[in-house]
Amino acid sequence: MECVFGMVGKGFALVVADSSAVNSILVHKSNEDKIMVLDSHKLMGASGEAGDRAQFTEYVQKNVALYQYRNGIPLTTKAAANFMRGELATALRKNPYMVNIVLAGYDRETGPSLYFIDYIATLHKVDKAAFGYGSYFALSMMDHHYHPNMTVDEALKLADQCIDEIRSRLVVAPQNFVIKIVDQDGAREHSWRRTTKD
Amino acid sequence: MARYDRAITVFSPDGHLFQVEYALEAVRKGNAAVGVRGTDTIVLGVEKKSTVKLQDSRSVRKIVSLDDHIALACAGLKADARVLINRARIECQSHRLTVEDPVTVEYITRYIAGLQQKYTQSGGVRPFGLSTLIVGFDPYTGVPSLYQTDPSGTFSAWKANATGRNSNSMREFLEKNYKETSGQETIKLAIRALLEVVESGGKNIEVAVMTKEGLRQLDEAEIDAIVAEIEAEKAAAEAAKKAPAKET
């Protein structure tokens, strides 16, 4: 019942993820951070098999850092997205990574961008994206309320509406959510939405 | 003797590995490089040949970052350096991936030296023709370190060292003048050592300063300013030496 979603606003991109770590009927923890800060201006929200999630996201993060040391400049968001897709595609017919990713980034030349990357290496550049059972509710809310060039407040209001919908309509809804934002000042944690203490 | 310097794997009768010694010769012909360790700063300085006017100097960075907290300067074959630096950068990230910790300076030095040693004991390959100066702060204790490796694969830690062209003169200068310094004083000491063998001026030296915050490359104007300070101090010292003699 994991849920990750994101959207692009005016000069920023937002990624929201639930923070539950579940095994069958047991909730291991409800403050698991599933949105990795890939580098100074990229966020990667990942959902799926926990082991694959950690393995894949850490692998991508180290390779993105290596690129920067080798070449003196960071990867663009588009390049990072394509790198991830390539890795997922290569592993797909041998040892697939069961991870779905929403990649948000800010590039100086092109501004904010959002990429939808699913576990069978689909790559789409989008304005709004969502994964998991929660996506049925989040995408519907975003389809109705999203408009281009939203301000941060408008986007947060929309994110909250999505979270409320998930909480009220999903049978085993995740309890807590984390919201992270990336803009020209960098990628950072924005806030949490909690119903239970950690 | 000539019969024992073809294949690297062959010892000469008097216990020399000639290929390794020839590699050290290549290092001695490379540009001068100096490293000085202070209490809160470590400085790397490298000689820059200013004869190439049409070259875009930004594409020839002689002091490179291996990770956020580790930097490397080298003397010798620059093409070999590229290969070694690439392997070291991969190892820095690989270490972070497998143990979730940044490398210590000693670890990455041991890795680079190990790589250099491997190529002195394999068939059909030649050693890397470079010596490296590796600096950094331990990510946990914050202790600064300076290490040197050479083509034979040996490494050790130093308070200050030099390699490349005229390294003996620089090392002699450092042995005479080294003392525990910090901040700007460390930078000045490194540049003074370099100026012993290099033509004076900001465009002939590349200097980078490693602090806990990271690596900072000094730009030409900054280096010129420090060089001017050093020359002024030298002139003042000369004048002070002459003045007492006049009194008698």
Within segment A:60-116, restricting attention to residues that are among the basic types (Lys, Arg) and within 14 Å of another protein chain (Cβ to nearest Cβ), which residue is surrounded by the fewest Cβ atoms within 10 Å (Cβ to Cβ)? A:ARG70
Select from segment B:62-87 the residues that are aliphatic (A, V, I, L, M), over 13 Å from the mean Cα position of the chain (by Cα) and more than 22 Å from B:LYS212 (Cα to Cα) and write down the one among them that is least open to solvent (accessible area, probe 1.4 Å). B:LEU84
Residues (surrounded by fewer than 13 Cβ atoms within 10 Å (Cβ to Cβ) and among the basic types (Lys, Arg)) located in segment A:183-198: A:ARG188, A:LYS197
Any chance you could count how many residues in segment B:40-60 are without any contact (Cβ under 8 Å) to a residue 24 or more places away in the chain and either closer than 11 Å to B:GLN217 by Cβ or surrounded by 19 or more Cβ atoms within 10 Å (Cβ to Cβ) (or both)? 1
Checked against (1) in contact with a helix residue (DSSP H, G or I) (Cβ under 6 Å, 6 or more places away or on another chain); (2) in a helix (DSSP H, G or I), A:ASP52 satisfies every condition except (1)
The residue from B:GLY129, B:GLY124 that alone is touching a helix residue (DSSP H, G or I) at 6+ places or on another chain (Cβ under 6 Å) and of a type in the set (Gly, Ala, Ser) is B:GLY129
Can you give me the ranges of the strands (runs of 3 or more DSSP E) entirely in segment B:124-177 with at least 1 residues that are open to solvent by 20 Å² or more (accessible area, probe 1.4 Å)? B:144-149, B:155-157
Take B:ARG96 and decide whether it is open to solvent by 60 Å² or more (accessible area, probe 1.4 Å), within 26 Å of A:PHE56 (Cα to Cα) and in contact with a helix residue (DSSP H, G or I) (Cβ under 8 Å, 6 or more places away or on another chain). no
Within the group A:ARG188, A:ARG193, which residue is in contact with a helix residue (DSSP H, G or I) (Cβ under 6 Å, 6 or more places away or on another chain), touching a residue at least 24 places away in the same chain (Cβ under 8 Å), over 17 Å from A:ASP127 (Cα atoms) and not small (Gly, Ala, Ser)? A:ARG193
Would you check if A:ASP127 is within 14 Å of chain B (Cβ to nearest Cβ), of a type outside the set (Ser, Thr, Tyr) and in contact (Cβ under 8 Å) with a residue 12 or more places away in the chain? no
Looking only at segment B:67-86, which residues are within 14 Å of chain A (Cβ to nearest Cβ) and closer than 29 Å to B:ASN166 by Cβ? B:ILE70, B:ALA71, B:LEU72, B:ALA81, B:ARG82, B:VAL83, B:LEU84, B:ILE85, B:ASN86
Can you name the condition, by its number, that B:ASN166 falls short on among (1) over 21 Å from B:ASN86 (Cβ atoms); (2) touching a Gly at 6+ places or on another chain (Cβ under 8 Å)? (2)
For segment A:147-155, check the following and say yes or no: at least one residue is β-branched (Val, Ile, Thr) and within 18 Å of A:SER30 (Cβ to Cβ). no
Evaluate the following for B:ALA113: is it open to solvent by less than 20 Å² (accessible area, probe 1.4 Å) and either farther than 20 Å from B:LEU215 by Cα or within 13 Å of another protein chain (Cβ to nearest Cβ) (or both)? yes
Number of positions in segment A:172-182 that are surrounded by fewer than 19 Cβ atoms within 10 Å (Cβ to Cβ) and either touching a His at 6+ places or on another chain (Cβ under 9 Å) or among the polar types (S, T, N, Q) (or both): 1
Is segment B:197-213 home to any residue that is part of a helix (DSSP H, G or I), open to solvent by 30 Å² or more (accessible area, probe 1.4 Å) and either without any contact (Cβ under 8 Å) to a residue 24 or more places away in the chain or among the hydroxyl-bearing types (Ser, Thr, Tyr) (or both)? no
I'd like to check something: does segment A:33-43 contain any residue that is within 14 Å of another protein chain (Cβ to nearest Cβ), open to solvent by 10 Å² or more (accessible area, probe 1.4 Å) and part of a loop (DSSP other than H, G, I, E, B)? yes
How about segment B:45-59: which of its residues are in a loop (DSSP other than H, G, I, E, B) and over 25 Å from B:LYS188 (Cβ atoms)? B:THR51, B:VAL52, B:LYS53, B:LEU54, B:GLN55, B:ASP56
Exactly one of B:ILE108, B:ILE90 is modelled with pLDDT of 95 or more and within 11 Å of another protein chain (Cβ to nearest Cβ), and that one is B:ILE90
Would you say B:VAL125 is hydrophobic (A, V, I, L, M, F, W, C), over 26 Å from B:LYS159 (Cβ atoms) and within 14 Å of another protein chain (Cβ to nearest Cβ)? no
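The values are calculated or read from the model by the stated rules, or taken from the named source; none is laboratory data. A quick note: this is a predicted structure, and the numbers were derived from the prediction, not measured. Counting neighbours? That spans all protein chains shown, and the Cβs are built from the backbone with ideal geometry, glycine included. Areas reflect the complete protein model, heavy atoms only, side chains present, ligands, DNA and RNA absent. Shrake-Rupley method; radii C 1.70, N 1.55, O 1.52, S 1.80 Å.
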